[in-house]
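To start, the structure under review is shown below, and the notes come after it.
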Amino acid sequence: MSKLQSKGGLNNPQIFSSNKKVKTSSATSRSAVPSSIKITDFGRYQIKSGLIAKRYIARAFVKPPTQVRGVIAEAEGASENAAISAVRDAIEEINERRSTERRKDTKTDFFVPCTDEYAEAIISVSLTKPQLAMLSALSLAHEDGLNETQLANAAGYKSAQLAHRSLAAIGRSIAKYLSFELTVVTKPNALHGSYVVAACEHLTNQADLVRWVIYPELRDAIRRVL
């Protein structure tokens, strides 16, 4: 039996906090506090398990360091190993559902991650202040997008080339976190990884200029967590 949380940050049970003591006033309430907590890693997640109120419970969290708070998945079992196995199955079910929610973008031929995936990734990977500023600016531009000069100005870069390289670095970081391979770039004006963040479009009658239009899924994720 398992409980799934499709969005991180919904719950943060105190009973799995190793640095916070739970005060109790009776033998019954004391039995609800696990005597020991087992921590195991599973991909990009950390599983904390223990015996709570005579039940073996396992909960999955995003592996630190991260700003993601709360339970990703939860399960219980007849034994601690059974609970851990069940929560692993729950994580795989979440990842499978997220994978099926990806859509193929017709402009980049890229299978765009869902909003939940983007949200988890952008607050888990290490991004600089200029990179965060660039993402915020792209999200505010909506479908109008930003050309490379505007992109550079939003992030405080001295050149469009620096902005483009930084955009590609963001994309590679997200791809690495989500564990999917980047295909060889065949689109003009797109550095390896940049299409993970946005689609590159030529401006009308200005073949030497391009604009970057952020994917709606990433735009919604940025609004949710930044």
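Values quoted throughout were computed directly from the atomic coordinates according to the rules given, and no laboratory measurement underlies them. All values derive from a computational prediction rather than experimental measurement. Positions of Cβ are backbone-derived with ideal geometry, glycine not excepted, and every protein chain shown enters the neighbour counts.
The table for this structure:
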{"read-out": "Per-peptide average of other Cβ atoms within 10 Å, ordering 152-161, 118-127 highest first", "value": "118-127, 152-161"}
{"read-out": "Candidate aspartates and glutamates - alpha carbon under 13 Å from K38, same-chain residues fewer than 8 apart omitted", "value": "E80"}
{"read-out": "Rh (Kirkwood; distinct C-alpha pairs) - the range 103-225, Å", "value": "14.2 Å"}
{"read-out": "Fewest-first sequence of Y215, Y56, Y195 by Cβ atoms within 10 Å of each Cβ", "value": "Y56, Y215, Y195"}
{"read-out": "Cα convex hull volume per residue for the range 56-173 (Å³)", "value": "116 Å³"}
{"read-out": "Greater than 22 Å apart at Cα, pairs in K63/K107; K129/K176; K107/K129; K107/K158; K48/K176", "value": "K63/K107; K107/K129; K107/K158; K48/K176"}
